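Trainee: Attaching a single structure in structure tokens format; questions to follow.
The values are calculated or read from the model by the stated rules, or taken from the named source; none is laboratory data. Quantities reported herein were computed from a predicted structural model and do not represent experimental measurements. Note that each Cβ is placed from the backbone with ideal geometry, even for glycine, and that neighbours are counted across all protein chains shown.
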There are 2 protein chains.
Amino acid sequence: VTEVRIIPLVGIPEIREGDDLATYLVDASREHKLTDEDIVVVAHKVVSKSEGRVTKSVDRQEVAISESSRILRKMNDLLISETRHGLVCANAGVDASNSPPGTLVLLPVDPDLSARRLRSRIRHLAGVEPGVVITDTFGRAWRLGQTNVAVGVAGLDPFVDYRGATDPYGNELRATQICVADELASAAELVMGKTRRVCAALVRGGALPRASGAATQIVRPIDEDLFR
Amino acid sequence: VTEVRIIPLVGIPEIREGDDLATYLVDASREHKLTDEDIVVVAHKVVSKSEGRVTKSVDRQEVAISESSRILRKMNDLLISETRHGLVCANAGVDASNSPPGTLVLLPVDPDLSARRLRSRIRHLAGVEPGVVITDTFGRAWRLGQTNVAVGVAGLDPFVDYRGATDPYGNELRATQICVADELASAAELVMGKTRRVCAALVRGGALPRASGAATQIVRPIDEDLFR
């Protein structure tokens, strides 16, 4: 078991529509010599901005409702809903912070596709194919505070699966499927912060193999959901 | 912004009731020269075992119900309940894995107290006072897979609070309170795994200052809870 390093990717400028985000990620990774074994974690905010997923509006709730496929709870200015991606979060991920006044940043239309495109572009530019995780900051039903979770994934299985594995006593394991994609997102937040202007990080050493996988796999199907 | 290192603490033997867990943590940290700035993350399993929170039973559901203060959902062999600590999780944290057949490991009676004791004992043994986070592996309402969260905290604020902070545009931030304690727990899981027999990790470089704080602060009060 070796250590895991969470390396902030610094020096990425303010991102605008049409910007080649992968170029900035590769430039910021250069001194760290990006490898296939690394995982590049990037905040959805800059992905959305590069894709033009910014809308001119000051009415966040109206925009959040239009981005939702199902409303779970609505209380004053807080909306808990399900996005078209199946993500359950506050205000459908619509966010005014780190965006010019009068504008709102939306989630990417297809964050898994965004992750796959970033990965493909990184391969083109750098000749290596790290895993890619796109994050957002979500609250939780029963716990205060927010943590970063994976909303887009490319090049890795979002889960490490222990089903059928046994402990040294021969017992089956209780925790059967660890959502490492969300753990990578949370780990990366430790260097990204909210006011440090760090929008991406490199996770190195997790021994998570490259594989096909998508963040949509993390969405709990509605018929297995006890709380929707 | 500097990198964060997640260092596995290896060589800790099977823990039994009455064992001085802090001694093993300090021994395992020795080559890394533990400092006040570090955070020691440890799986509740070994804390519970050292405290004798192991019960002889094979009926996990019966034990889980006795460990619960409120039942949220019950489906076949799955119980979602609130523990006496206010933690909402499956089977009240009662776990048969990594425990001798015929026994079940419970959560510590007061995991924050356990964390404070471990911290105090580490100070006694090593002369430094790192933060301490005790973890368990929880599922989530709307997302598949489990992640590690903080059930006990000592020496750090479980949240980084951005309330009142603004972004470079002068907007207030949407994510106001990041639960770094849970993010530390999740980050540590990346080196702890389930079958690797690594029950603890050192998180170094997070720039999270020592402060008073407890995992009970993370429990969402029932009157602010939309999903209980």
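Trainee: So is A:GLU51 among the acidic types (Asp, Glu), touching a residue at least 24 places away in the same chain (Cβ under 8 Å) and out of contact with any strand residue (DSSP E or B) (no Cβ under 8 Å at 6 or more places or on another chain) or not?
Mentor: Judged against the criteria, A:GLU51 is a match.
Trainee: I would also like to ask the following. Is the range B:159-182 home to any residue that is small (Gly, Ala, Ser) and outside any loop (DSSP other than H, G, I, E, B)?
Mentor: Yes; the residues of the range B:159-182 include at least one that is small (Gly, Ala, Ser) and outside any loop (DSSP other than H, G, I, E, B).
Trainee: Turning to a different aspect of this structure: Just one of A:VAL191, A:VAL203 is crowded, with 23+ Cβ neighbours inside 10 Å, within 23 Å of B:ALA201 (Cα to Cα), touching a Gly at 6+ places or on another chain (Cβ under 9 Å) and more than 7 Å from chain B (Cβ to nearest Cβ); which is it?
Mentor: Going through A:VAL191, A:VAL203 in turn, just one is crowded, with 23+ Cβ neighbours inside 10 Å, within 23 Å of B:ALA201 (Cα to Cα), touching a Gly at 6+ places or on another chain (Cβ under 9 Å) and more than 7 Å from chain B (Cβ to nearest Cβ): A:VAL203.
Trainee: From the list A:ALA181, A:ALA185, A:ALA200, A:ALA165, which one is touching a Ser or Thr at 6+ places or on another chain (Cβ under 6 Å) and at pLDDT 95 or above?
Mentor: Going through A:ALA181, A:ALA185, A:ALA200, A:ALA165 in turn, just one is touching a Ser or Thr at 6+ places or on another chain (Cβ under 6 Å) and at pLDDT 95 or above: A:ALA185.
Trainee: If a residue has to be in contact with a strand residue (DSSP E or B) (Cβ under 8 Å, 6 or more places away or on another chain) and outside any strand (DSSP E or B) to count, how many in the range A:126-152 make the cut?
Mentor: Going through the range A:126-152 one residue at a time, the tally reaches 8.
Trainee: For the range A:1-86, list the strands (runs of 3 or more DSSP E) that sit wholly inside it and hold at least 2 residues that are at pLDDT 95 or above and crowded, with 21+ Cβ neighbours inside 10 Å; which are they?
Mentor: A:4-8, A:39-43
Trainee: Follow-up. Evaluate the range B:108-119: report whether one residue or more is farther than 23 Å from B:ALA201 by Cβ and surrounded by fewer than 22 Cβ atoms within 10 Å (Cβ to Cβ).
Mentor: yes
Trainee: Hey, among the residues in the range B:150-163 that are more than 7 Å from chain A (Cβ to nearest Cβ) and hydrophobic (A, V, I, L, M, F, W, C), which one's surrounded by the most Cβ atoms within 10 Å (Cβ to Cβ)?
Mentor: B:ALA150
Trainee: Looking at the range B:197-228 only, could you name the residues that are over 18 Å from the mean Cα position of the chain (by Cα) and among the charged types (D, E, K, R)?
Mentor: Within the range B:197-228, B:ASP223, B:GLU224, B:ASP225, B:ARG228 meet the criteria.
Trainee: Could you grab me the full set of residues in the range B:83-110 that are in contact (Cβ under 8 Å) with a residue 24 or more places away in the chain, more than 9 Å from chain A (Cβ to nearest Cβ) and closer than 18 Å to A:ALA141 by Cα?
Mentor: Those that are in contact (Cβ under 8 Å) with a residue 24 or more places away in the chain, more than 9 Å from chain A (Cβ to nearest Cβ) and closer than 18 Å to A:ALA141 by Cα: B:THR83, B:HIS85, B:ALA92, B:GLY93.
Trainee: Please work out which one of (1) farther than 23 Å from B:LEU79 by Cβ; (2) surrounded by fewer than 20 Cβ atoms within 10 Å (Cβ to Cβ) is the condition A:ALA181 fails and give its number.
Mentor: Result: A:ALA181 fails condition (2) only.
Trainee: Another question about this same structure. Of everything in the range B:180-216, what is within 13 Å of A:LEU144 (Cβ to Cβ) and either hydrophobic (A, V, I, L, M, F, W, C) or out of contact with any helix residue (DSSP H, G or I) (no Cβ under 9 Å at 6 or more places or on another chain) (or both)? Give them in sequence order.
Mentor: B:VAL180, B:ALA181, B:ALA214, B:ALA215, listed by residue number.
Trainee: May I pose another question? Would you mind finding the one in B:THR137, B:THR166 that is at the interface with another protein chain (Cβ under 7 Å from one of its Cβ atoms) and polar (S, T, N, Q)?
Mentor: Exactly one residue qualifies, and that residue is B:THR137.
Trainee: Right, here's the next one. Among the residues in the range A:63-73, are any away from chain B (no Cβ under 12 Å), within 17 Å of the chain's Cα centre (by Cα) and of a type in the set (A, V, I, L, M, F, W, C)?
Mentor: No, the range A:63-73 contains no residue that is away from chain B (no Cβ under 12 Å), within 17 Å of the chain's Cα centre (by Cα) and of a type in the set (A, V, I, L, M, F, W, C).
Trainee: Another question about this same structure. Would you mention how many residues in the range B:79-118 are more than 18 Å from B:LYS45 (Cα to Cα) and touching a strand residue (DSSP E or B) at 6+ places or on another chain (Cβ under 6 Å)?
Mentor: 4
Trainee: Next up: Any residue at all in the range B:74-82 that's within 25 Å of B:ASP19 (Cβ to Cβ) and more than 9 Å from every other protein chain (Cβ to nearest Cβ)?
Mentor: no
Trainee: Taking the condition free of Cβ contacts under 8 Å to residues at least 12 places away in the same chain, surrounded by 17 or more Cβ atoms within 10 Å (Cβ to Cβ) and among the charged types (D, E, K, R), does B:ARG123 pass?
Mentor: Judged against the criteria, B:ARG123 is not a match.
Trainee: Would you be able to say whether some residue in the range B:125-138 is over 26 Å from B:GLY18 (Cα atoms) and either out of contact with any Leu (no Cβ under 6 Å at 6 or more places or on another chain) or β-branched (Val, Ile, Thr) (or both)?
Mentor: Yes - at least one qualifying residue is present in the range B:125-138.
Trainee: Pairs under 9 Å by beta carbon, first residue within 28 Å of A:ARG220 (Cβ to Cβ) in the range B:142-161, partner of a type in the set (Asp, Glu) and in a loop (DSSP other than H, G, I, E, B), six or more apart or different chains?
Mentor: B:TRP142/A:ASP225; B:GLY152/B:ASP110
Trainee: Among what's in the range A:188-228 and is assigned to a helix (DSSP H, G or I) and among the β-branched types (Val, Ile, Thr), pick the residue that is farthest from A:VAL40 (Cα to Cα).
Mentor: Filtering first and then ranking leaves A:ILE222.
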